[in-house]
1. State, to one decimal in nm, how far the label point of Thr55 lies from the label point of Gln70, with both points 7 Å from Cα in the Cβ direction.
2. Report ³J(HN,Hα) in whole Hz for each residue of region 161-170, in order, from the Karplus equation J = 6.51 cos²θ - 1.76 cosθ + 1.60 where θ = phi - 60°; Gly and Pro get x.
3. Using +1 at the Cβ of each Lys and Arg and -1 at the Cβ of each Asp and Glu in region 146-304, identify which of Gly168, Val217, Thr182 lies farthest towards the dipole's positive end.
4. State the extension gain, in nm to one decimal, for the chain segment bounded by Thr275 and Asn161, taking 0.36 nm per residue of separation less the distance between their alpha-carbons.
5. How do Asp144, Asp42, Asp87 stack up against each other in accessible area, from largest to smallest, with a 1.4 angstrom probe?
6. Each label point is 7 Å from the Cα along the Cα-to-Cβ direction; what then is the distance between the points at Glu93 and Asp248, in nm?
7. Taking the mean number of other Cβ atoms within 10 Å as a proxy for protection, how do you rank 275-288, 49-62, 95-108 from highest to lowest?
8. If you take the square roots of the eigenvalues of the alpha-carbon gyration tensor of region 180-255 and sort them as a ≥ b ≥ c, do you get rounded (a/c under 1.5), prolate (a/b over b/c) or oblate?
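The values are calculated or read from the model by the stated rules, or taken from the named source; none is laboratory data. Please read all numbers here as calculations on a predicted model, not as lab measurements. Quick reminder, even Gly has a Cβ in these numbers, built from the backbone with ideal geometry, and neighbours come from all protein chains shown. Just so you know, the surface numbers come from the protein's heavy atoms only, side chains and all, with ligands and any DNA or RNA stripped out. Shrake-Rupley method; radii C 1.70, N 1.55, O 1.52, S 1.80 Å.
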Amino acid sequence: MREPDPGGSPGSGETQQSPSLQTFNNNKSEFISLLHWIEAQDSQNSLHSLVLQCTRALDQINTSFLPRVQEEIDKVKQSLQAPGMRDIRGLEERLHQLQSLLLQTERICEEQAANAKTICSQEESFMVQGDVSVLADLLIAHRDQLKRLHSNNRTMNEFANKFSAAKGELSQNLLIRLNWVTHCQKAIWNCDGRLTMVSENLVRVKRRFAILEQINVSPTLYFKCLGEAARRSSFSKSYKTRGQQIIDKVEAEREAESQKRTEFHELLQGHFLTTLFRGLDSFPTQFAAKDSLSFDEELFDVSE
């Protein structure tokens, strides 16, 4: 069976038959049942095949496909709730420690720059003065400063190694979580595809059930349509008869009045009193339009 348009009926695209469900084959009148008439509107799909399609679709959703989809959704929801993946434990404390190391590194850099500047200034002072007596003390001071430079440089190398290790550790943690996010995204995408299939299948089943619902109420509506057609036919016949009588009577009165006004108009034509008595040249209009009684012309003939 075809899926009907909203508000339509099965087979609405076919030529309408009379409500008596009467067909003609080789000039012989043959009456068929309402069910046969409905099935004849779409010879390629029978009512039985429509019921089988709905049954198979519902069985597929209830017994096999839907439980698997529900199980997959539960797995995805469970994986999304993984507490170890939603945050990185100790990250804030670790970043605080690295920030402290960064401040210490900046202080060491300033101290290194000051020591280097002191060595250079002492060297320049010695070269200018040329006092050999201070050379021994100057060398001792340079040795101490070089030791501090070496110690600070070793400390900065240790800090650099810690920064590198922390960067590698954080990158590894982020990589693991990005892989987890990618896995969850793929799982959600797969679930969405399956849910879309279920939704489309349910839409098709809903349309087929709409056809079955129309078929179910067809007998009741069929007899109601017969009664309505008979009632309207009786009303329209009575209405048209009385309406035509009224129209004929009023039309005769209009013609008589028009004849009298025409005679008076000929009597008054050209006289100067026409300017005093205005409106004496009007005529009564037609009482009813030509097609005012044209309705219910296509009603089904239920007289038989």
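1. 2.3
2. 5, 5, 4, 5, 5, 5, 5, x, 5, 5
3. Result: Gly168, furthest along the dipole toward the positive end.
4. Gain on stretching Thr275 to Asn161: 29.1 nm.
5. Correct descending sequence by accessible area is Asp87, Asp144, Asp42.
6. Each label point lies 7 Å from its Cα, and together they span 11.0 nm.
7. 49-62, 95-108, 275-288
8. The shape class here is oblate.
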